[in-house]
Amino acid sequence: MAVTGTEIGRVLVASMHQAIADELPTRVDFYDHWLGGQRMRDGSVGLAPMTAVLGFLRAEGEPYHAVMKRAGLYAADWTVDSLGAMERRFIQGQPQWWRLRSVMRLAARTIRAGYEPVKTKVRVKKNQAWFEVRQSLFCRVRAPQGAALCDYHAALIVQMLNRFDLPSTVAIEQCAGTQHSHCAVAIEIGKAA
């Protein structure tokens, strides 16, 4: 199902829901009101409920970051697992530099599928990549935040790279939620965290 701009992609919703269940099991009933039930099954979770969930999660404090990281891991795993065996083998068989480019394109596609207004830009140079996200759903805030909110993107990228034997480190260099114009993640291959 295509996202219309006001609906949130199924993988994003499902990964958030599962991450909340894992990280905040005593709060899952509260978040089910916004994410669960028929809306999640038919892929019709809208922007307002998802924005509410993100706001409530940020109010939880540190669990926000744990939920976002776990959601990114789930989204990456589910996306890679949903690829056809031939496509996975094709990406895996590429030389490291081309494989890095292919995985970065897959990560960008996954992030855009979660929320259509998102714009991504990827640059790759040898064993480094830079991933830029504009209009991130996670960084839509009323007031600047004290910490970067891009944990979902960073975790998704790292997990996808790991799945294709490209251990890496990532650093969130900029976050729109902390008064930058966009989110920027720097990736270095060959240095696992």
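The values are calculated or read from the model by the stated rules, or taken from the named source; none is laboratory data. All values derive from a computational prediction rather than experimental measurement. Using ideal geometry, Cβ is built from the backbone for each residue, glycine included, and neighbour counts are taken over all protein chains shown. SASA here: full protein model, heavy atoms, side chains in, ligands and nucleic acids out. Shrake-Rupley method; radii C 1.70, N 1.55, O 1.52, S 1.80 Å.
What the table below lists for this structure:
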item	result
Residue tally, condition without any contact (Cβ under 8 Å) to a residue 40 or more places away in the chain and basic (K, R), over the stretch 147-180	0
Matching helices (runs of 4 or more DSSP H) fully within the stretch 16-131 where at least 2 residues are at pLDDT 95 or above and among the small types (G, A, S)	63-82, 96-114
Count of residues meeting criterion [within 26 Å of L47 (Cα to Cα), small (G, A, S) and surrounded by fewer than 19 Cβ atoms within 10 Å (Cβ to Cβ)] in the stretch 72-112	1
Among residues of the stretch 57-71, those that are open to solvent by 80 Å² or more (accessible area, probe 1.4 Å) and closer than 10 Å to Y152 by Cβ, counted	2
The stretch 159-184, residues that are modelled with pLDDT under 95 and open to solvent by less than 40 Å² (accessible area, probe 1.4 Å)	S168, C175, A176, G177, T178, H182, C183, A184
Hits in the stretch 1-15 (condition: among the hydrophobic types (A, V, I, L, M, F, W, C) and either over 21 Å from H65 (Cα atoms) or at pLDDT below 70 (or both))	M1, A2, V3
Among residues of the stretch 113-138, those that are open to solvent by 10 Å² or more (accessible area, probe 1.4 Å) and hydroxyl-bearing (S, T, Y), counted	2
